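These notes concern the structure reproduced below.
The values are calculated or read from the model by the stated rules, or taken from the named source; none is laboratory data. Remember, predicted model here, so these are calculated numbers, not experimental data. Every residue, glycine as well, gets a Cβ built from its backbone with ideal geometry; the counts of neighbours run over all protein chains shown. Ligands, DNA and RNA are excluded from the accessible area calculation, which covers all protein heavy atoms including side chains. Shrake-Rupley method; radii C 1.70, N 1.55, O 1.52, S 1.80 Å.
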Protein chains: 2
Amino acid sequence: MPKDAATPPRRPMRADARRNLERIVAAAGELIAEHGADASLEEVARRAGVGSATLHRHFPSRQALLEAVFKDRVEALCARAGDLLAEPDPGQALSTWLRAVGAHAVANRGLGTSLMRDADPSLGETCHDMITSAGDALLIRARAADAVRPEVTITRLLKLVGAIALATEQDPDGAAEAELLLAIAIDGVRTR
Amino acid sequence: MPKDAATPPRRPMRADARRNLERIVAAAGELIAEHGADASLEEVARRAGVGSATLHRHFPSRQALLEAVFKDRVEALCARAGDLLAEPDPGQALSTWLRAVGAHAVANRGLGTSLMRDADPSLGETCHDMITSAGDALLIRARAADAVRPEVTITRLLKLVGAIALATEQDPDGAAEAELLLAIAIDGVRTR
DNA sequence: AGAGAAACGGGGGGCCACCCCGCTTATGGG
DNA sequence: CCCATAAGCGGGGTGGCCCCCCGTTTCTCT
């Protein structure tokens, strides 16, 4: 298995190109944290000290840029999912992980949007794909333990989490509210 | 109690102004149905046969326009809530109503966004206010019957429904998916 | 009918995404 | 070490959008 499946071209990237690319991702990270997922791409280029054309060449769509910005955070969540497979209670493990995903999605504005889209097939290994695989392992285990209802799929769960993150994004205390909404969704509205 | 609390100005609106306003709302309704809540306002004005300045004079913000477009649909949902107060099972009544709200939110793109915002205080009686009051009656009854968990508030429920509608908006079969997600959220992820 | 006010809308400013194309610069063979 | 080559760059143009200013048109009341 290759160390990095996302770089199949044989010619290594030119040094300046890689440098610019890194600057762009860094600037985008800052601006997205400040202004959300629909931050101005021109401003990103400006802050990166790069022409807007360069940004568009490296990232043909906004989504592509978001993927690059959030990649490492998503990887962390995937790793977390792996750890939780060792947890004795499968239902609890899934629930814990979903809360972690929700927390990240709220903390990093725009991540929620990225997690929900499975659309664009030109982007190769997307955040959505990664997190789906990671979560699915947890879900399958929970289902085997009969801890989740049968119509629950990983796609639906992630959509739910992403939607909640999006909905609480401009709340004054979004993190706490998201936590609560997720708890309600997981345990149900009705009393048991 | 006045029949229409939203028109306190004594001078009646000029005939042409009212005509334009109606045209704008109609055009906006069409375009929002086609392109979602972030349809181009210029295009709305164009289709209404009106200058863009006129649109902005009548509706100082996008949100104000959305409120006008969805007002009657929201009133229908409020009426539905009133009817459901007669339902014998309070928990069931609440759940039925939430599904109805979800269905409307999915069918009318952009409605979900409107229902969640309680922000702008300059807009008087907003859709959000109306639906909150209507739903609260159902929720209070359900809570009295001990049918819902205590941390559930009407604001949170509506946020949940709106978020789900938003998340399924670009799904191929959004309506069915939203229905399912809502069912999961209401009954909980876990088996009972 | 005429005065006055209310409403209109063309057009301009500012911002943005996206792309074209002539110029710069890294790279690897000689 | 040098230079040919092509990968990469970015200024500036295009078209779209939101929002507002202000001269002009249209309604309304007497």
Between copies, how far apart are the B:ASP173 label points? List them in nm, one decimal, shortest first, with each point 7 Å from Cα toward Cβ, please?
-> 4.2
Only counting protein heavy atoms at a 1.4 Å probe, give the residues of region B:147-165, ordered by number, whose accessible area falls by 10 Å² or more when the other protein chains are present relative to the chain alone.
-> B:ALA147, B:VAL148, B:ARG149, B:GLU151, B:VAL152, B:ARG156, B:LEU157, B:LYS159, B:LEU160, B:ALA163, B:ILE164
Dipole magnitude of region A:62-187, debye to nearest 20 (Cβ charges: Lys/Arg +1, Asp/Glu -1, about Cα centre) | 160 debye
Highest GNM mean-square fluctuation, chain B, Cα pairs closer than 10 Å: which of B:THR155, B:THR132, B:THR96?
-> B:THR96
A:ARG62 paired with B:ASP136, simple spin-label distance in nm, labels 7 Å along Cα-to-beta-carbon = 3.5 nm
Determine the dipole magnitude for region B:11-68: charges of +1 sit on the beta-carbon of Lys and Arg, -1 on that of Asp and Glu, nothing else is charged, the reference point is the Cα centre, and the result goes in debye to the nearest 20.
-> 400 debye
Hey, rough spin-label estimate for B:LEU85 and B:ASP72, points 7 angstrom out along Cα→Cβ, what's it come to in nanometres?
-> 2.5 nm
Which of the aspartates and glutamates could a cross-linker bridge to B:LYS71, judged by Cα under 17 Å and excluding same-chain residues fewer than eight apart?
-> B:ASP4, B:GLU22, B:GLU30, B:ASP118, B:ASP120, B:GLU125, B:ASP129
Using a Förster distance of 35 angstrom, determine the FRET efficiency expected from the C-beta separation of B:ALA183 and B:GLU34, and round it to 0.05.
-> 0.75
With one decimal in nm and the nearest listed first, the spacings from B:GLY51 to its own position in the other copies, using label points 7 Å along Cα-to-Cβ, are 4.0
Just which residue of chain B brings its Cβ nearest the axis of rotation onto chain A, and by how many angstrom, rounded whole?
-> B:GLY188, 1
Among B:LEU115, A:ALA37, A:SER95, whose Cα lies farthest out toward the positive end of the dipole of the protein assembly as shown, if unit charges sit on the beta carbon of Lys, Arg (+1) and Asp, Glu (-1)?
-> A:ALA37
Toy charge model, Lys and Arg Cβ at +1, Asp and Glu Cβ at -1: the protein assembly as shown dipole around Cα centroid in debye, rounded to 20, equals 680 debye
Label point 7 Å beyond Cα along the C-beta direction, distances from B:PRO88 to other copies (nm, shortest first) = 4.5
